[in-house]
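Since the structure comes first, as structure tokens, the remarks are kept for the end.
The values are calculated or read from the model by the stated rules, or taken from the named source; none is laboratory data. Computed from a prediction, not measured in an experiment: that's the story for all the values here. No Cβ is skipped: glycine too gets one built from the backbone with ideal geometry, and neighbour counts run over all protein chains shown.
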There are 2 protein chains.
Amino acid sequence: MDQSTETPGDVRWLTPAEQDAWQALAGVMIKLPAALETQLQRDSQLTLFEYFVLSALSTADCRALSMGELAAIVNGSLSRLSNVIKKLESRGAVRREPSPDNRRYTHAILTEAGWDLIVSAAPKHAEAVRRQVFDRLTEDEVGELTTIARRIVRGMEPDACWP
Amino acid sequence: MDQSTETPGDVRWLTPAEQDAWQALAGVMIKLPAALETQLQRDSQLTLFEYFVLSALSTADCRALSMGELAAIVNGSLSRLSNVIKKLESRGAVRREPSPDNRRYTHAILTEAGWDLIVSAAPKHAEAVRRQVFDRLTEDEVGELTTIARRIVRGMEPDACWP
DNA sequence: CACTCACGGTTCAAATTTGAACTCAAGGTA
DNA sequence: TACCTTGAGTTCAAATTTGAACCGTGAGTG
């Protein structure tokens, strides 16, 4: 982009170093999910999103969560989640039933088959993550990455102010 | 996931430190694009993908690229790009014409209106990137991020081997 | 108790994305 | 020249995703 065409003149453009970083980060942001999707699809007929869903359920108490909680964890809209759960349900991996206490809540529950599915998918997925990411980083870099990524994610939670 | 349920026993699971890093990175991977999309949509009626397309064209020779080159740069399928260019064309931001030398190639060309569009969209987008990412990082961290992200992206280019 | 309101989810139509089939141009090859 | 093959894009149908409208359920209020 052309920085001199600016109107109010006070835009805080990225420095060259930041531009480099941004280009690299954007690459990761776009390509890494695609690469992982490919692996999951190939080896387990799963979407990355579906994997996140199953994975979240598998580590939850009773292997169950309400749709809302689950949606928040996997960063998806309720609508999207509803459709995906429907698909996973038809595949026998998940079951849905209204919460006994408050029937407004729907619990998504991992079935035995769903457990087996995620357990069988996990090793290859872990292998892929390791190959794509961690095999390329030193131990120090893993720490740096954690710090940096956490900081960025933090900044997005509380809906920072819009100028 | 449960690591003891493993069958062949030689899965290289992620260490706890790596799991932390992965969780944070996955968060960035999922949420950052969403946040940027929101800003672009709100301020300029543009998709992140469309922004990448316009941005790529704006920095290309003659502000033009063949569909194939463009698709590679923005990491999209030819099919997706074709549709998006059609949309941008209907909006008057891009023009398409067959290459004079080799009519198999289609050149996507940024129009004057397209140039104006990206120029007017860029400041707010840059501001958003800065706010979401760089305002939260030290100068050193920017360097670390560059190194790390580049290393990861590198590893995905040449279709690394599948186990 | 009747009413209304606010939630949590679901659903439906519209927009996107994907993947396969298809078109057309350019190189060989015979 | 006729024929085949490959490469670049487009298109069409099917799958996904999004956003808005909608349906029950539970809380508050009068």
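Residue check: is B:Q23 polar (S, T, N, Q), more than 11 Å from DNA strand D (Cβ to nearest atom) and more than 10 Å from chain A (Cβ to nearest Cβ)?
The answer is no for B:Q23.
Could you look through the stretch A:102-141, keep only residues that are within 16 Å of DNA strand D (Cβ to nearest atom) and among the charged types (D, E, K, R), and pick out the one that is farthest from A:L78 (Cα to Cα)?
Checking each candidate, the answer is A:R103.
With B:L65, B:L81 as the choices, which residue is at pLDDT 95 or above, within 13 Å of DNA strand C (Cβ to nearest atom), surrounded by 14 or more Cβ atoms within 10 Å (Cβ to Cβ) and among the hydrophobic types (A, V, I, L, M, F, W, C)?
B:L81
Would you be able to say whether some residue in the stretch B:142-150 is more than 19 Å from the chain's Cα centre (by Cα) and either modelled with pLDDT of 95 or more or basic (K, R) (or both)?
yes
Mind counting the residues in the stretch B:32-45 that are within 11 Å of chain A (Cβ to nearest Cβ) and either closer than 14 Å to B:T111 by Cα or not polar (S, T, N, Q) (or both)?
7
Go through (1) aromatic (F, W, Y); (2) outside any helix (DSSP H, G or I); (3) more than 9 Å from chain A (Cβ to nearest Cβ) and name the single condition B:W13 misses.
Answer for B:W13: the failing condition is (3).
Residue by residue, here is whether (1) surrounded by 12 or more Cβ atoms within 10 Å (Cβ to Cβ); (2) within 16 Å of DNA strand C (Cβ to nearest atom); (3) closer than 25 Å to A:M29 by Cα holds:
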site	(1), (2), (3)
B:K87	yes, yes, yes
B:P100	no, yes, no
B:R104	no, yes, no
B:E127	yes, no, yes
B:E139	no, no, yes
B:T146	yes, no, yes
